[in-house]
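Peer 1: Sharing a structure, written as structure tokens. Questions coming.
The values are calculated or read from the model by the stated rules, or taken from the named source; none is laboratory data. None of the values given here were measured: they were computed from a predicted structure. Quick reminder, even Gly has a Cβ in these numbers, built from the backbone with ideal geometry, and neighbours come from all protein chains shown. Surface accessibility is based on the protein's heavy atoms, side chains included, excluding ligands, DNA and RNA. Shrake-Rupley method; radii C 1.70, N 1.55, O 1.52, S 1.80 Å.
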Amino acid sequence: MAYRRIPLKPESIYQVFVRNYSEEGTFNALKNDLNRIQAMGFDWLYLLPFHPAGVEGRKGKDGSPYSIRDYRAVDSACGTMRDFQDLVDAAHVRGMKVMMDIVIHHTARDCVWVKEHPEYYHWKDGAIVNAVPDWSDVADLNFESASLRQELIRMLSFWARKGVDGFRCDVASLVPLDFWLDARKALQKINPQIVMLAESVEPEFVTWMRAEGHNALSDGEIAQAFDYLYPYSIRREFYGALEEGKLADYEHAMNHLLASLPMDTREIMFLENHDRQRFSSVVKNRTARRNWLAYSFLMLGTGFVYAGQEAHETHQPSLFDKDPVSWKHRDAEEEAYIAGLNALRRETQESLRTAALLENDKVLEVKESGENDYYGCFNVLNHRGSLPVHLRDGSYENLLNHKTVTVKDGKMDAAQCPFFARIRQEDLVHEDR
């Protein structure tokens, strides 16, 4: 059965690949920038894997952070275990929590377990076999091994005792659900408030894996064990909205996804991450990006920024070679904008329970309900002139800037977006617009 969920607050996540965050690529360099991250209002510091990377079959010069050679060590290029602990402590002093990316579907091919515990792996004709052939630098783990499961839970507990507050679990959909439930139960004994984020995968990947005879969990299944999920299941519709302006397809897919999950599951409303294109390279117009950013933070879910996004970075850093973020376009105004979005999240979303996108092929309209009702209108396609909206004619306060917005004849001025307001149920029009 599913675990007993903890109440989720309106939180946001700042994702960091330590190796590429700075020229130094160290825990200490990141620690020295925590005040800036805190000032933007982020609740979580999410670290990509920072363990020693495998050498056998290595991709690139430095190797993938998702090919782990030693789960209880840190990459010496990032610093020492003491440096890591100092970073965790510094985040906690600032009221931030730390999430670490953990990879337990596979290890590096030269992980010590390959020789010491061959029963931990899948073998055929004397060679390790992988479910995904392209992942040639890793070795899939065999969850039929009870001793493997115990060792992985001990490893997760090791990091929880070091003050890690949550885990982002790589390709969690390919790991058995009963393992996640057992791991969650063990971790809650150490930290009752532990938070789990699943990298769920696209439906096409799930069906492919199942057709090949492998375990693969749908979003609905994996939501039984996790607090947060990535909305990868609507990746195609998301990029259709970004690149082709197909808002209706995205709205329909998002509503379907929200309806298919438990109400207390939260989506990670990312615009970019380490696996995806930089958002500024896809959406060139800054006004449109501002509207997308406001939507991603004010839609019920979890706000998310990948380090460098706030500096309008267009280059997607390599996962296989040191490739530092360029901070030459650091934008204090953009950082202040993010801080304002985070503040508004905390102010308005504490008691929200449901959210839906209204059908509108011109703008993204959000209706959110709980103890109070809120409405958002986000001009993500950067239209000019008047926009049709699902609000009754009248005047409303835009909580983003406290200016008055007027709706007349079922339309509002596009320049007044992004718009977010507290409304009454009777303010909403249910006719097609």
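Peer 1: For the stretch 5-31, which residues satisfy the criterion of being assigned to a helix (DSSP H, G or I) and either in contact (Cβ under 8 Å) with a residue 24 or more places away in the chain or closer than 30 Å to Ala127 by Cβ (or both)?
Peer 2: Once the filter is applied, which keeps residues that are assigned to a helix (DSSP H, G or I) and either in contact (Cβ under 8 Å) with a residue 24 or more places away in the chain or closer than 30 Å to Ala127 by Cβ (or both), the stretch 5-31 yields Val18, Arg19, Asn20, Tyr21, Phe27, Asn28, Leu30, Lys31.
Peer 1: Check Leu197 against each of (1) assigned to a helix (DSSP H, G or I); (2) of a type in the set (A, V, I, L, M, F, W, C); (3) within 16 Å of the chain's Cα centre (by Cα) and name the one condition it does not meet.
Peer 2: Condition not satisfied by Leu197: (1).
Peer 1: If I go through the stretch 358-377 residue by residue, how many of them are assigned to a loop (DSSP other than H, G, I, E, B) and either open to solvent by less than 20 Å² (accessible area, probe 1.4 Å) or among the acidic types (Asp, Glu) (or both)?
Peer 2: 5
Peer 1: Of all residues in the stretch 233-247, which are among the hydroxyl-bearing types (Ser, Thr, Tyr) and either assigned to a loop (DSSP other than H, G, I, E, B) or surrounded by fewer than 20 Cβ atoms within 10 Å (Cβ to Cβ) (or both)?
Peer 2: Tyr239 - this is the single residue of the stretch 233-247 that is among the hydroxyl-bearing types (Ser, Thr, Tyr) and either assigned to a loop (DSSP other than H, G, I, E, B) or surrounded by fewer than 20 Cβ atoms within 10 Å (Cβ to Cβ) (or both).
Peer 1: Of everything in the stretch 253-274, what is in contact with a Leu (Cβ under 9 Å, 6 or more places away or on another chain) and open to solvent by 20 Å² or more (accessible area, probe 1.4 Å)? Give them in sequence order.
Peer 2: The answer is Asn255, Leu258, Asp264, Arg266.
Peer 1: Identify the residue in the stretch 284-314 that is among the aliphatic types (A, V, I, L, M) and either open to solvent by 10 Å² or more (accessible area, probe 1.4 Å) or not in a loop (DSSP other than H, G, I, E, B) (or both) and, among all such residues, is nearest to Leu344 (Cα to Cα).
Peer 2: The selected residue is Leu298.
Peer 1: Restricting attention to the stretch 135-149, report how many residues are in a helix (DSSP H, G or I) and either open to solvent by less than 10 Å² (accessible area, probe 1.4 Å) or more than 12 Å from Ile104 (Cα to Cα) (or both).
Peer 2: Summing the residues that are in a helix (DSSP H, G or I) and either open to solvent by less than 10 Å² (accessible area, probe 1.4 Å) or more than 12 Å from Ile104 (Cα to Cα) (or both) in the stretch 135-149 gives 3.
Peer 1: Then there's this: Restricting to the stretch 204-218, name every residue that is under 18 Å from Pro262 (Cα atoms) and either open to solvent by 70 Å² or more (accessible area, probe 1.4 Å) or not small (Gly, Ala, Ser) (or both).
Peer 2: Scanning the stretch 204-218 gives a single hit, Leu217.
Peer 1: Which one of these does Tyr250 not meet: (1) among the hydroxyl-bearing types (Ser, Thr, Tyr); (2) open to solvent by 30 Å² or more (accessible area, probe 1.4 Å); (3) closer than 18 Å to Val366 by Cβ?
Peer 2: Tyr250 satisfies every listed condition except (2).
Peer 1: For a quick check of your reading: which strands (runs of 3 or more DSSP E) sit entirely within the stretch 32-129 and have at least 1 residues that are in contact (Cβ under 8 Å) with a residue 60 or more places away in the chain, under 30 Å from Ala336 (Cα atoms) and within 24 Å of the chain's Cα centre (by Cα)?
Peer 2: 44-47, 97-102
Peer 1: Oh, and also: Quick one: would you say Ala211 is of a type in the set (A, V, I, L, M, F, W, C) and within 18 Å of Val132 (Cβ to Cβ)?
Peer 2: When the stated conditions are applied, Ala211 passes them.
Peer 1: Within the stretch 332-354, can you find the residues that are in a loop (DSSP other than H, G, I, E, B) and open to solvent by 20 Å² or more (accessible area, probe 1.4 Å)?
Peer 2: The answer is Glu350, Ser351.
Peer 1: Quick one: would you say Val55 is out of contact with any Ser or Thr (no Cβ under 6 Å at 6 or more places or on another chain), open to solvent by 60 Å² or more (accessible area, probe 1.4 Å) and of a type in the set (A, V, I, L, M)?
Peer 2: Yes: the conditions hold for Val55.
Peer 1: Are any residues in the stretch 27-47 surrounded by fewer than 23 Cβ atoms within 10 Å (Cβ to Cβ) and aliphatic (A, V, I, L, M), and if so, which ones?
Peer 2: The answer is Ala29, Leu34, Ile37, Ala39, Met40.
Peer 1: In the set Asp125, Asp170, which member is out of contact with any Asp or Glu (no Cβ under 8 Å at 6 or more places or on another chain) and of a type outside the set (Lys, Arg)?
Peer 2: Going through Asp125, Asp170 in turn, the sole match is Asp125.
Peer 1: Return yes when Glu221 is under 14 Å from the mean Cα position of the chain (by Cα) and either open to solvent by 30 Å² or more (accessible area, probe 1.4 Å) or at pLDDT 95 or above (or both) and no when it is not.
Peer 2: Taking the combined requirement at face value, the residue does not satisfy it.
Peer 1: If a residue has to be modelled with pLDDT of 90 or more and of a type outside the set (D, E, K, R) to count, how many in the stretch 2-18 make the cut?
Peer 2: Residues in the stretch 2-18 being modelled with pLDDT of 90 or more and of a type outside the set (D, E, K, R): 7 in total.
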